[in-house]
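Below is one structure, written out as structure tokens, with a few remarks after it.
The values are calculated or read from the model by the stated rules, or taken from the named source; none is laboratory data. Quick caveat: nothing in here was measured; it's all calculated off a predicted structure. No Cβ is skipped: glycine too gets one built from the backbone with ideal geometry, and neighbour counts run over all protein chains shown.
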Amino acid sequence: MSEFIYLYRTNPESRRAAMGTPEQAQKSMQAWLAWMRGLEAKGHIKDNGQPLDMTGKVVRGKQRQVTDGPFVEAKDLIAGFTIVLAKDIEEATALASGCPILDGEGSVEVRPIASMAP
Amino acid sequence: MSLDELLFRRESGRIVAALTRIFGVHNLALAEDVVQDAFCRALELWPAHGVPENPSAWLMTAARNRALDVLRRERTARTLAPAIGRLLDSEWTLAPLVDEAFGAHTIRDEQLRMMFSCCEPRLPEEVQVALVLNILCGFGAGEIASAFLVGRAAMEKRIARGKRTLAASQTLFDLGDAEFAPRLDAVRGALYLLFNEGYHGASARSPVRAELCGEALRLVMLLLELPAAATPETLALAALMHLHAARLPGRLDSAGELAPLLRQDRSCWDARLIADGLGLLDRSASGSRLSAYHLEAAIAAVHAAAPSVEETDWQDVVSLYDRLLALSPSPVVALNRAIAVAQLDGPERGLIELHGIDGRERLAAYPFYPAAIAELELRRGDRAAAREGFRVAIGLARNAAERRFLELRLRSCVREGSGA
């Protein structure tokens, strides 16, 4: 088994739309719970990860210029992550295709966690 | 831990009610934003870290925290609830104020005030019901539109219009107001309409309909928690809803087709709801005024008490319908009365009643009027007339379930008729 990180990318509007009405909220929550529990039940979860606030700062360049996040314009902010275990990148990608974020405008970036071995 | 199916809907209504107390009724949209923020927070945390033990309390706390942020940001920019005024200015009073708004008793009272505010007499009844469903029950415009067979855009307009009227009133209805009694009448009327829409409504989506009945029941019980509102008439309305809701599981037969009262499997009626309904009906008998709710509940109680159609006290049913018709004349009540008369005195007598209904032209588009005539024609052996009646009824069917039911009835009399 190898480790992969799922980076959930979305935009604030799409995130809000997922919880826009109580009916939609109920559906979204049920879909997410079912998906995460499915991964967990099959032993794919290595680390449940953490949500990330949609605000922040960016420090850039030689001038160490600090700006309020690149977020206002961005269409795909990282909203959170999960570390999963899978046989290979194909399996990790196949599993990610069940993620409810894909029902909105979001995406899941699947990245192998590189080995520390030299 | 599994998720309560109505969690978000119910909490939405409670949070909006709590926040209206602070934000003012003109800032409903701001309260709805807070609800969305709290829900988004839940979506960030629950899937990965588990559903909390008490999801309602968790959402309430999330909403409380969000509301504090909003108040710190908006207290100078916006006019909030007038009564709250200066309490918002200081950090010392801000948090206790918000905590108080989220207290269980306060939320209940605010929900009641919201219910009374939604039933503002200047608004047509269908707008009142749409507001109740949207604000107190957390139904989206799309869901309400499909339950009432209205386009989504039209429903959004209807809700927006209601909210504008609410906003103009500045504060929620004061439960100690002199207008309390007439407004209570309007509230009962709206809840009755809501329940009926679920029970008899024309929407083809049956799950939504059962939910409407459930919400009407929940709100009438909330209303009964207010001593001034727990009048005999309100008790009778609650009894009637329980006794009818008890029959909901029987309204569809094992094949999923509509089953009229006379053909229902009574073993699937809900005994607990019947017992609660009968208890409420007993308590409603204390006043001097007999309302239509009392009579309708009494009729439902006769059916609930009867183990079968044959063992029903039809004499009792007919005389209750007589009194109901005298109290609030309506062709639909007369139609139901005629069906009971047919049970008591035979199909010929029932047909005479059906053909003599006052205002029967108002039943012209109602499929169950020609269908009732057809049933009685069939029962007395005139199959040609029965077929004709069912054909007319099919032409008037309002949804697929009604159409299938009526087609089955037509086919059954064609089959029975072929041997004649």
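Please verify whether segment A:109-116 includes one or more residues that are modelled with pLDDT of 90 or more, loosely packed, with under 15 Cβ neighbours inside 10 Å, within 13 Å of the chain's Cα centre (by Cα) and not basic (Lys, Arg).
Quick first cut of segment A:109-116, residues modelled with pLDDT of 90 or more only: A:109-113.
Checking which are loosely packed, with under 15 Cβ neighbours inside 10 Å leaves us with A:109, A:111-113.
Narrowing the set further to residues that are within 13 Å of the chain's Cα centre (by Cα) leaves A:109, A:111.
Right, trim to not basic (Lys, Arg) and you get A:109.
Yes; the residues of segment A:109-116 include at least one that is modelled with pLDDT of 90 or more, loosely packed, with under 15 Cβ neighbours inside 10 Å, within 13 Å of the chain's Cα centre (by Cα) and not basic (Lys, Arg).
So B:ILE15 fits all but one of (1) surrounded by fewer than 19 Cβ atoms within 10 Å (Cβ to Cβ); (2) part of a helix (DSSP H, G or I); (3) touching a residue at least 12 places away in the same chain (Cβ under 8 Å); what number is the exception?
In the conditions (1) surrounded by fewer than 19 Cβ atoms within 10 Å (Cβ to Cβ); (2) part of a helix (DSSP H, G or I); (3) touching a residue at least 12 places away in the same chain (Cβ under 8 Å), B:ILE15 misses (1) alone.
Can you pull out the residues in segment B:226-262 that are of a type in the set (Gly, Ala, Ser), touching an Asp or Glu at 6+ places or on another chain (Cβ under 9 Å) and not in a helix (DSSP H, G or I)?
Step one: filter segment B:226-262 for residues of a type in the set (Gly, Ala, Ser), giving B:228-230, B:236, B:238-239, B:245-246, B:250, B:254-256, B:259.
Filter once more, so that each one left must be touching an Asp or Glu at 6+ places or on another chain (Cβ under 9 Å): B:236, B:238-239, B:245-246, B:250, B:254, B:259.
Residues satisfying the conditions are B:ALA246, B:SER254, B:ALA259.
Tell me, which residue of segment B:1-40 that is under 16 Å from B:ALA62 (Cα atoms), among the charged types (D, E, K, R) and out of contact with any Lys or Arg (no Cβ under 7 Å at 6 or more places or on another chain) is farthest from the other protein chains (Cβ to nearest Cβ)?
First, pick out the residues of segment B:1-40 that are under 16 Å from B:ALA62 (Cα atoms): B:7-19, B:30-40.
Next cut, among the charged types (D, E, K, R) only: B:9-11, B:14, B:32-33, B:37.
The next check asks that each one be out of contact with any Lys or Arg (no Cβ under 7 Å at 6 or more places or on another chain); those that pass are B:9-11, B:14, B:32-33.
Numbers: B:ARG9: 4, B:ARG10: 8, B:GLU11: 8, B:ARG14: 11, B:GLU32: 9, B:ASP33: 9 Å.
Filtering segment B:1-40 for residues that are under 16 Å from B:ALA62 (Cα atoms), among the charged types (D, E, K, R) and out of contact with any Lys or Arg (no Cβ under 7 Å at 6 or more places or on another chain), the one farthest from the other protein chains (Cβ to nearest Cβ) comes out as B:ARG14.
So B:LEU172 passes all but one of these: (1) within 13 Å of the chain's Cα centre (by Cα); (2) surrounded by 17 or more Cβ atoms within 10 Å (Cβ to Cβ). Which condition number does it fail?
(1) is the only condition that B:LEU172 fails.
Which numbered condition in (1) within 30 Å of B:LEU273 (Cα to Cα); (2) under 18 Å from the mean Cα position of the chain (by Cα) is the only one that B:PRO124 fails?
If we test B:PRO124 against (1) within 30 Å of B:LEU273 (Cα to Cα); (2) under 18 Å from the mean Cα position of the chain (by Cα), just (1) comes out false.
Counting just the residues of segment A:50-71 that are under 12 Å from B:GLU44 (Cα atoms) and in contact with a Gly (Cβ under 6 Å, 6 or more places away or on another chain), which one comes out surrounded by the most Cβ atoms within 10 Å (Cβ to Cβ)?
Of all residues in segment A:50-71, those under 12 Å from B:GLU44 (Cα atoms) come to A:50-54.
Now drop any that are not in contact with a Gly (Cβ under 6 Å, 6 or more places away or on another chain), which leaves A:51-52.
Details: A:PRO51: 17, A:LEU52: 15.
Ranking the candidates gives A:PRO51 first.
Taking the condition of being surrounded by 21 or more Cβ atoms within 10 Å (Cβ to Cβ) and more than 14 Å from chain A (Cβ to nearest Cβ), how many residues in segment B:152-162 meet it?
Residues in segment B:152-162 being surrounded by 21 or more Cβ atoms within 10 Å (Cβ to Cβ) and more than 14 Å from chain A (Cβ to nearest Cβ): 2 in total.
Conditions tested, residue by residue: (1) touching a residue at least 12 places away in the same chain (Cβ under 8 Å); (2) within 28 Å of B:ALA31 (Cα to Cα).
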| position | (1), (2) |
| --- | --- |
| A:PRO22 | no, yes |
| A:LEU39 | yes, no |
| A:THR55 | yes, yes |
| A:GLY61 | no, no |
| A:GLN65 | no, no |
| A:GLY69 | yes, yes |
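Among (1) more than 9 Å from chain A (Cβ to nearest Cβ); (2) at pLDDT below 90; (3) exposed (fewer than 15 other Cβ atoms within 10 Å of the Cβ), which single condition is B:GLU53 missing?
For B:GLU53, the exception is condition (2).
What strands (runs of 3 or more DSSP E), lying completely within segment A:1-81, carry at least 2 residues that are under 30 Å from A:ALA114 (Cβ atoms), away from chain B (no Cβ under 12 Å) and at pLDDT 85 or above? I'd like the intermediate steps shown before the answer.
Values: elements: A:2-10, A:45-47, A:57-60, A:65-68.
Output list reads A:2-10, A:57-60, A:65-68.
For (1) closer than 22 Å to B:ARG10 by Cα; (2) surrounded by 14 or more Cβ atoms within 10 Å (Cβ to Cβ); (3) of a type in the set (Asp, Glu); (4) at pLDDT 90 or above, each residue gets a yes or a no:
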residue	(1), (2), (3), (4)
B:VAL129	yes, yes, no, yes
B:VAL132	yes, yes, no, yes
B:ILE144	yes, yes, no, no
B:VAL150	no, yes, no, no
B:PRO182	no, no, no, yes
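For every residue, the table says whether it meets (1) surrounded by fewer than 19 Cβ atoms within 10 Å (Cβ to Cβ); (2) in contact with a Pro (Cβ under 7 Å, 6 or more places away or on another chain).
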{"residue": "B:ILE299", "(1), (2)": "no, no"}
{"residue": "B:PRO329", "(1), (2)": "yes, no"}
{"residue": "B:ASP345", "(1), (2)": "yes, no"}
{"residue": "B:LEU376", "(1), (2)": "no, yes"}
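Which condition breaks for B:ALA67 when tested against (1) farther than 20 Å from B:LEU6 by Cβ; (2) within 14 Å of chain A (Cβ to nearest Cβ); (3) at pLDDT 90 or above?
Going through (1) farther than 20 Å from B:LEU6 by Cβ; (2) within 14 Å of chain A (Cβ to nearest Cβ); (3) at pLDDT 90 or above one by one, B:ALA67 breaks only (2).
Please verify whether B:LEU243 is hydrophobic (A, V, I, L, M, F, W, C), under 21 Å from B:PHE116 (Cα atoms) and in contact with a helix residue (DSSP H, G or I) (Cβ under 6 Å, 6 or more places away or on another chain), treating the condition exactly as stated. So that I can check it myself, show each step before the final result.
Working: hydrophobic (A, V, I, L, M, F, W, C): yes; under 21 Å from B:PHE116 (Cα atoms): no; in contact with a helix residue (DSSP H, G or I) (Cβ under 6 Å, 6 or more places away or on another chain): yes.
For B:LEU243, the condition - hydrophobic (A, V, I, L, M, F, W, C), under 21 Å from B:PHE116 (Cα atoms) and in contact with a helix residue (DSSP H, G or I) (Cβ under 6 Å, 6 or more places away or on another chain) - is not met.
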